[in-house]
1. For the chain, with a Gaussian network of springs between Cα atoms less than 10 Å apart, report the residue from His113, His103, His123 with the top mean-square fluctuation.
2. In what sequence do Phe62, Phe119 fall when counting other Cβ within 10 Å, fewest first?
3. May I ask you to list the GluC sites (Glu not before Pro) in region 39-72 that are in a DSSP loop and have at most 15 other Cβ atoms within 10 Å of their Cβ?
4. Do you know the relative contact order of the chain, to the nearest whole percent, from alpha carbon pairs under 8 angstrom that are 6+ apart?
5. For a quick check of your reading of the filter: which trypsin sites (Lys or Arg not before Pro) in region 1-100 sit in a DSSP loop and have no more than 12 other Cβ atoms within 10 Å?
6. Please compute the volume of the convex hull spanned by the alpha-carbon atoms of the chain and report it per residue in Å³.
7. For the chain, what does -39500 (n - 2.57) per DSSP helix run (n ≥ 4), summed and divided by total residues, give at 222 nm, in deg cm²/dmol to the nearest 500?
8. Springs between alpha-carbon atoms under 10 Å, Gaussian network over the chain: tell me which of Pro129, Pro46, Pro20 tops the mean-square fluctuations.
Amino acid sequence: MDNMSNHEIANNFLLGISNPQNYLCSILGYARGHLQMYIKAESSSPETDKPLILGFEPVWYFEGPMRWRGLDFRLGTLEERINLLQGDWLDVGDLLNDFAEKHLLFILERPKHKVQIFFGSFHVIDTEPIIHIAHPDFPQSNRP
């Protein structure tokens, strides 16, 4: 598995999920600066006993609600990744094609919303991570 590309790993993961429409997904954490995102996916199927925790980094773009039903993402095509990068949110200059080729786009489309995650790599873990949210620009008295 070490020689597999990120694209192949992501594709194998998505294809290997049984009954992906039975999962309820929620964002556990989305670190400031868009570096990391963790999503908890819990299945309503009785044969699935443990939730999946998906970690993404770096996350360059996210669109969607904080909770949604379904883990039946599809991988965005190179053309979709390039189109997304041509928006005003990130300037990659002359590296457009190279940047798009090296990153992945998960897309989940529903009648009322769309979930898109544009990222470099991802991993699946068994336990929820401890997430510390730091706001260095808060006055000292407002820090927990």
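1. Maximum fluctuation in the GNM of the chain, among the listed residues, is at His113.
2. Going from sparsest to densest Cβ surroundings: Phe62, Phe119.
3. On the way: sites: Glu42, Glu47, Glu63; in loops: Glu47.
Taking region 39-72 and a limit of 15 other Cβ atoms within 10 Å, the loop GluC sites (Glu not before Pro) found are Glu47.
4. Worked out over the chain, it gives 25 percent.
5. Working: sites: Arg32, Lys40, Arg67, Arg69, Arg74, Arg81; in loops: Arg32.
Answer in residue order: Arg32.
6. Roughly 153 Å³ of hull volume per residue.
7. Helix contribution divided over all residues of the chain: -4500 deg cm²/dmol.
8. In the Gaussian network model the winner is Pro46.
Every read-out reported here was derived from the displayed coordinates using simple, explicitly stated rules and does not represent laboratory data. Note that the coordinates shown come from a computational prediction; the quantities given were computed from them, not determined experimentally. Reconstructed Cβ throughout: ideal geometry from the backbone, glycine too, with neighbour counts over all protein chains shown.
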